[in-house]
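Undergrad: Sharing a structure below in structure tokens format, with a few things to ask.
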Amino acid sequence: MLVIAVVLAYHLRFSVLVDYALPDDSSFRYSTHAIPILAAVPLMLLTLLMMGLYHPRRDQRFYYEAVVILKATAIGLGLTIAFLSFFSKTLFEGRDFSRLQFACYFLLSSSVLLAWRYVFRKTLRVIRSHGRNLRHVAIIGSGRLGQVVCHTFKRNSWTGITPVYFINHHATSSRDTCLGLPVKGGLNDLESVLEAHEITGVIIALPGRMSAELPDLLFRLERFPIDVRIVPDMNPKYMPINMTVSELEGMPILSVRESPLAGWGRIAKRAIDLMGAVVALVIFGIPMFIIAMLIRRSGPGPVIFRQQRMSVNGQRFEIYKFRTMRHIASEVPAIRDLDQGQEAWTKPDDQRITPLGRFLRRTSLDELPQLYNVLLGEMSLVGPRPERPELIKKFREDWRGYMLRQNVKSGMTGWAQINGLRGDTSLRKRIQYDLFYIRNWSIMFDIRILWLTIFKGFVHPNAN
């Protein structure tokens, strides 16, 4: 695939895109202008190997494989350019390679690898649908978790991992079948069952209360040359962030709750925040000035309303908004029935709201000063809406999972907001949408939310 990409990159650059060549290049011979295959291909293959592309990916979707390919080809291209630049004089007679040719090589190499892997996966699916290339596994644990595991693999038959029988998580088993599959016995029968019924792997799905049995079970499974997978009995509802496994001096560490905005993700998000805030201030600069003048003429009080809010890791900051009420003290949303776990927000017919403020709230223009919060790094363009510290103190006790929202920086807009969960709406639903955002965060997800905000984020009936 990579050799094909090198050859096609040469022809694309010097046959199709020949008009972009330098005027003094009168002839383009493959022997002098092609990217050396002996350098480019091994470096790219080494990068793909180091990035883990050749690890088994039977239970991973194509999306994750595609991300690895794109990252690896970008790194491999950089290594190729560095290698050719370093040895240009000694090995390649000072040849000046075309930058456009390198760009073509990157696009073609990533494209052919993605296409090849996609076709390969589709071919495997067809083969597996006919009962070939399967991995028959036993599920140890016939309780709720074991049944979830069985259902999940049956729904995702593309993996080729097929449960064929259960082994009960109790010492003995009184049932013969579970979900249409035979139950071959209990944990006391483990060795005899595995010897009598050949399989390629087991999936351990023990209930959480039996976690102490896991070391002994793993020790017993060492006698058999089979793959072993463990599905922990943990409710993903309260683990919104993808779990990762790392190792420190041989000690495995399972991270079940960690901010997804780490490393390059945080840098990329901050870059988008800065660019987006600057562009928005340029676009809305004059409207913001006009709104400020209208608020000044509408009555006494400051133009900008400030209030303490809480963002990532419990950090407090002052949020900026255009004043929309007659009195500053009344700007704070009314709170009632907190003993019953109910929160009340400003109502649409609230008499404290000025006519101008009502318009600003309905169009969300009162939140434009928060662009300065974004520039200061106190907020992000996209994220869960920030709440007041006293409300968070109450909600953290009454709403399980609420504090997981604090794992990311608060935002001006978010997944909950563009789905209409604003103002006096269900807090439970809002938490669900915020946790979905955190669990599935990516730069593209942020861009999607920003795009949808243009159509759904400004004017909404619930924006009181």
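Values in this text are rule-based calculations from the coordinates and carry no lab data. Everything quoted here is computed from the prediction, not taken from an experiment. Note that each Cβ is placed from the backbone with ideal geometry, even for glycine, and that neighbours are counted across all protein chains shown.
Undergrad: Once phi is turned into θ = phi - 60°, what whole-Hz ³J(HN,Hα) does the Karplus curve with 6.51, -1.76 and 1.60 give for every residue of region 360-372, x standing for Gly and Pro?
TA: Calculated HN-Hα couplings, in order: 4, 5, 5, 9, 6, 6, 5, 9, 4, x, 5, 4, 5 Hz.
Undergrad: Then there's this: Can you sort 179, 371 by how many other beta carbons sit within 10 Å, fewest first?
TA: Placing the least packed residue first, the sequence is 179, 371.
Undergrad: Taking the Cβ of each residue in 184, 409 as the centre, tally the other Cβ atoms inside 10 Å and list the residues starting with the fewest.
TA: 184, 409
Undergrad: Turning to a different aspect of this structure: For region 135-234, go through all pairs of different Cα atoms, get the mean of 1/r, take its inverse, and jot down that Kirkwood value in Å.
TA: For region 135-234, the Kirkwood estimate is 13.3 Å.
Undergrad: On to the next question. Could you tell me the calculated FRET efficiency between residue 83 and residue 275, based on Cβ-Cβ distance and R0 = 30 angstrom, to the nearest 0.05?
TA: Efficiency at R0 = 30 Å is approximately 0.35.
Undergrad: Same structure, new question: Quick one: which residues, 5 or more positions from residue 140 or on another chain, have an amide H under 5 Å from its amide H? H modelled 1.01 Å from N in the peptide plane, none for Pro or chain starts.
TA: 167, 203, 204, 205
Undergrad: A further question follows. Sequence-distant or interchain residues sharing an amide H contact under 5 Å with residue 227, placed H: which?
TA: 201, 202
Undergrad: Estimate the FRET efficiency between residue 99 and residue 443 by the formula 1/(1 + (r/R0)^6), using the beta-carbon distance for r and 30 Å for R0, to the nearest 0.05.
TA: Using R0 = 30 Å, I get an efficiency of 0.70.
Undergrad: On full extension of the chain, what length is gained from residue 297 through residue 3, given 0.36 nm per residue of separation minus the C-alpha to C-alpha distance?
TA: Gain on stretching residue 297 to residue 3: 98.8 nm.
Undergrad: Suppose R0 equals 45 Å. What FRET efficiency, 1/(1 + (r/R0)^6) with r the Cβ-Cβ distance, do residue 170 and residue 425 give to the nearest 0.05?
TA: Once the sixth-power term is evaluated, E becomes 0.50.
Undergrad: Describe numerically, in nm with one decimal, the distance between label points set 7 Å from Cα along Cα→Cβ at residue 70 and at residue 16.
TA: 2.0 nm
Undergrad: Taking 0.36 nm per intervening residue step and subtracting the Cα-Cα distance, what contour gain separates residue 284 from residue 230 on full extension?
TA: That pair, residue 284 and residue 230, stretches by 14.1 nm at full extension.
Undergrad: Got a sec? How would 415, 451, 441 order by Cβ neighbour count within 10 Å, fewest to most?
TA: 451, 441, 415
Undergrad: For residue 107 and residue 264 in the same chain, what is the full-extension length gain: residue separation times 0.36 nm, less their Cα-Cα distance, in nm?
TA: 54.3 nm
Undergrad: So, one more: Modelling each spin label as a point 7 Å along the Cα-to-Cβ direction, I'd like the residue 181/residue 158 distance in nm, to one decimal.
TA: My value for the distance between the label points is 2.1 nm.
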